[in-house]
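Reviewing the structure listed below.
The values are calculated or read from the model by the stated rules, or taken from the named source; none is laboratory data. Because the structure is predicted, anything quoted here is derived from the model rather than measured. Neighbour counts run over all protein chains shown; Cβ positions are idealised from the backbone, glycine included. When the accessible area is computed, the model is the full protein with side chains, heavy atoms only, and any ligands, DNA or RNA have been set aside. Shrake-Rupley method; radii C 1.70, N 1.55, O 1.52, S 1.80 Å.
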Amino acid sequence: MTAAQRRIETLRAEIEEHNRRYYEEAQPAISDAQYDELLRELRELEEAHPEWADASSPTQRIGGKPVTGFQSVRHGVPMLSLDNVFARDGAEAIRKFVVSVENELRKKDSLPEAALAWLVEPKIDGVAISLRYEDGIFVRGATRGDGETGDDITGNLKTVRNIPLRLKHAGDAPRVIEVRGEVYMPLAAFKRLQAEQEASGDPPFANPRNAAAGALKQLDARVTASRRLQFLSYGTGETTPGAALQETQEGLLNLLRRLGFPVHARTWLVDSVEGIMGAIHELDAIRHDFPFETDGAVIKLNDIALREIAGFTTRAPKWAKAYKYASEQAETVVRAITVQVGRTGVLTPVAELAPVFVSGSTVSRATLHNEDEIRRKDIRIGDTVIIEKAGEVIPAVVRVVTEKRPATAAPFDFLAHIGGKCPACGGPVRRDANYAWWICENPACPAQKTRRLEYLAKRSALEIESLGGIVADKLVESGLVKDPLDLFDLTEEQLAVLSLGTATEPRILGKKHAAKIVEARERARSLPLARWLFALAIPEVGETTAYDLAQFHRTIEEVATSPLLRDVLELDRLRQEVEETKPSRRVKKETAGEPSGDPARHAQAVAEMTAAMERLERAGFAERTRKKEGEGFVTTAGPVIARAVLGYFASAPGRALLSRLKALGIDPQGTPRPGDAAHLPLLGKSVVITGTLPTLKRGQAADLIRAAGGSVSSSVSRKTDFLLVGADAGSKLEEARASGVREIGEEEFLLMLKA
Ligand code: IVH
């Protein structure tokens, strides 16, 4: 074994150990930066030594290139479901279940003398999956699908960092073992995702389970990776025939733990109906402290041999049951339906309810999501409805109690209700082509402005704490703020006398609060670029993206015309072109003779794509995870973000924003990583080439300029930074001299690149 090979092995083991500490013990031993450093070292060594590649290496957790669809997988042992009993059926339902299992065993002459033992486990509200290991290595992961056949989502599952890619103590496991369990989105990750959805103006997910299911269905594993999913195991599927596993469920969970799988720490071993009920109640008391959602308990016969005897129905085992806790519901009346205008103009219908107490708090409003949702549930003003805290957080209307519907209640017509126009500004509305939303089309809509102002002041944005919803409302209402940045023009006096009350109950903001706002506002001027990019509510730019962009750009202007983002778009286009021009491998009969693909364009596109990738990589804006062309190439921001950002700054509002910031003297600074400037000496520079250069061909010079972060333009303009001049230069040289553009020769140019 060479030193490099040993180092690779050590790094792999170390990184997996850090994953385990991080995910299972929540006790990381090293910082994220140190972790990234280990991963980087491993990746480099693996790239240098492809002969030691290993599918179970932690570097393989980062998804490769997006797939176009998932393959089907037939489960060797079907993935069954569980029959439910509900809280409202109480202990009686559990007694029936226990008796039915006893009867089943008695029928087969197998009922033991001693009472049956049961293991009670939390029921994790996630997505059921099956993981296949052969010779200790994770080879395939699949969804449940219809129970018989699921989707192969191996690539996505590899990004779930507490799924072992290689078994520990593999000698204790059968050669082939399928481990079953639940992938879930931790509540903290769900909260963060919801905030990001909100920040980018996308609709929120209904609950963590939907979010987890959505993340697993991503065709691009990098998206899955960013969703921070986790896994908990609770059983097995197919194993090598004849392999003896464990005698009990309890033993099986211990074995899974020993093999490196996460297993829930809390289970109850009991031997009576009372014992089962006790466990169910204990679990109910502590389940809200779990980092995932539980909607029930699972009761399993502990003895595995007896389970085989008790058998299965076509849908579910006869030896297990899911006990579903009641989600707290309450009945109330929809007094009115109001429509809220969001930051991006989305109109959200809200049920104004007669206040009612549910799951620990008084609820007086519930979101109705959108037009289609109201229609589906046929919710009308005046209806009596059942509400529930969905996922114990956002109150939702579950259903209408139609028996209590007043004769006068008419079906709800969204468009008629808002009179065909924005309820805030009276502006035109349109229904979004992709979502069931209506959108206010008026960019000057005061409600949108208010929400944007509020957003700008948020703690995670410019941190202007005294500026909350009401102050934002009144600033817009009074006409003092027409655009969020108008805040920077207000005097302390103007703020102090801002009226917050009503005609009957007058009240003003006052000196103290006005001073606080001004103080926070002045501090905000020098906040870093990341905060500003987030605060300005640029489409698709949430907190994380803002931070990422600020690591690669010095100023907001640099972001606006970012050569990196342009390259991301270019790469996206070229990838398509490469795909389209690919010489197809199989030539069909009917098209035989006709040229397939376009080899010349293909070669050209591949070359351009490679060049763009190299530029991005050199800038540190992308990472290559595999050697093969186009594969495993991850950029810090993808084409959707690049398009939204460049598009926004090219639009009238975007340009207006830039000049406004300039006029206000606000020039937030990014924190490009050290070394970037050295990598990109021409970052953001526009260069024109003229004449014949002594050694470089024009194309070569252009490539070098682009690789150094600059752009090449064919004519001299105000934006030109340099003129690269060779022999026999013509009119461009005159133009450059006339407008005072700096001239450089090839030698100086090459020195610049080295700088
Ligand atoms: S055992 C043969 N144990 O609940 C079926 N399932 O509603 C074995 N689930 O499909 C399932 N937590 O996806 C089992 N501790 C647990 C579970 C659990 C969640 C899911 C599983 C199952 C569904 C049935």
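Please go through the stretch 409-449 and give me each residue that is assigned to a helix (DSSP H, G or I) and within 27 Å of the chain's Cα centre (by Cα), ordered by number.
448, 449
Need pairs with beta-carbon distance below 8 Å; first residue closer than 30 Å to residue 16 by Cβ and within the stretch 262-281, second assigned to a helix (DSSP H, G or I) and open to solvent by less than 30 Å² (accessible area, probe 1.4 Å); sequence gap 6+ or separate chains.
263/253; 263/256; 266/283; 267/253
Could you pull out the residue among 580, 570 that is open to solvent by 80 Å² or more (accessible area, probe 1.4 Å), of a type outside the set (Gly, Ala, Ser) and part of a helix (DSSP H, G or I)?
Criteria check complete, one pass: 580.
What's the number of the only condition in (1) at pLDDT below 90; (2) open to solvent by 50 Å² or more (accessible area, probe 1.4 Å); (3) farther than 30 Å from residue 576 by Cα; (4) more than 16 Å from the ligand (Cβ to nearest atom) that residue 90 fails to meet?
(2)
Give the stretch 389-408 a look and list any residue that's under 34 Å from the mean Cα position of the chain (by Cα), on the phi < 0 side of the Ramachandran plot and open to solvent by less than 40 Å² (accessible area, probe 1.4 Å), or say none.
Scanning the stretch 389-408 gives 389, 390, 395, 396, 397, 400.
Strands (runs of 3 or more DSSP E) wholly in the stretch 254-327 with at least 2 residues that are surrounded by 14 or more Cβ atoms within 10 Å (Cβ to Cβ) and touching a Lys or Arg at 6+ places or on another chain (Cβ under 9 Å) - which ones?
Hits in the stretch 254-327: 294-301, 320-324.
Note down all Cβ pairs under 7 Å where the first residue falls in the stretch 632-643 and is more than 9 Å from residue 540 (Cβ to Cβ) and open to solvent by less than 30 Å² (accessible area, probe 1.4 Å), the second is of a type in the set (S, T, N, Q) and not in a helix (DSSP H, G or I), and they're at least six residues apart or on different chains.
Here the result reads 632/625, each pair linking the stretch 632-643 to a residue that is of a type in the set (S, T, N, Q) and not in a helix (DSSP H, G or I).
Please tell me if residue 151 is outside any loop (DSSP other than H, G, I, E, B), more than 14 Å from the ligand (Cβ to nearest atom) and crowded, with 17+ Cβ neighbours inside 10 Å.
Yes: the conditions hold for residue 151.
Taking the stretch 103-138, which residues are away from the ligand (no atom under 13 Å from the Cβ), under 30 Å from residue 207 (Cα atoms) and either hydrophobic (A, V, I, L, M, F, W, C) or crowded, with 22+ Cβ neighbours inside 10 Å (or both)?
Hits for the stretch 103-138 are 131, 138.
Criterion first (surrounded by fewer than 16 Cβ atoms within 10 Å (Cβ to Cβ) and among the β-branched types (Val, Ile, Thr)) does residue 240 satisfy it?
Here the answer is yes, as residue 240 does meet what is asked.
Name the single residue that is nearest to residue 138 (Cα to Cα) among those in the stretch 275-294 being within 30 Å of the chain's Cα centre (by Cα) and within 13 Å of the ligand (Cβ to nearest atom).
Residue satisfying both the conditions and the ranking: 292.
Residue 272 fails exactly one of the following numbered conditions: (1) of a type in the set (Ser, Thr, Tyr); (2) over 31 Å from the mean Cα position of the chain (by Cα); (3) within 15 Å of the ligand (Cβ to nearest atom). What is the number of that condition?
(3)
Can you name the residue in the stretch 45-78 that is at pLDDT 85 or above and closer than 16 Å to residue 152 by Cβ and is also farthest from the chain's Cα centre (by Cα) among such residues?
Ranking the qualifying residues of the stretch 45-78, first place goes to 76.
What's the total number of residues in the stretch 498-520 that are closer than 19 Å to residue 452 by Cα and in contact with an Asp or Glu (Cβ under 6 Å, 6 or more places away or on another chain)?
Final tally of qualifying residues: 1.
Just give me the residues in the stretch 295-321 being within 11 Å of the ligand (Cβ to nearest atom) and modelled with pLDDT of 95 or more, in sequence order.
Within the stretch 295-321, 297, 298, 299, 300, 307, 317, 318, 319, 320, 321 qualify.
Can you name the residue in the stretch 333-364 that is in contact with an Asp or Glu (Cβ under 9 Å, 6 or more places away or on another chain) and farther than 24 Å from residue 431 by Cα and, of all such residues, is modelled with the lowest pLDDT?
Checked the stretch 333-364; the qualifying residue modelled with the lowest pLDDT is 360.
How many of the residues making up the stretch 467-497 are within 15 Å of residue 450 (Cα to Cα), in a loop (DSSP other than H, G, I, E, B) and touching a residue at least 12 places away in the same chain (Cβ under 8 Å)?
The total comes to 7.
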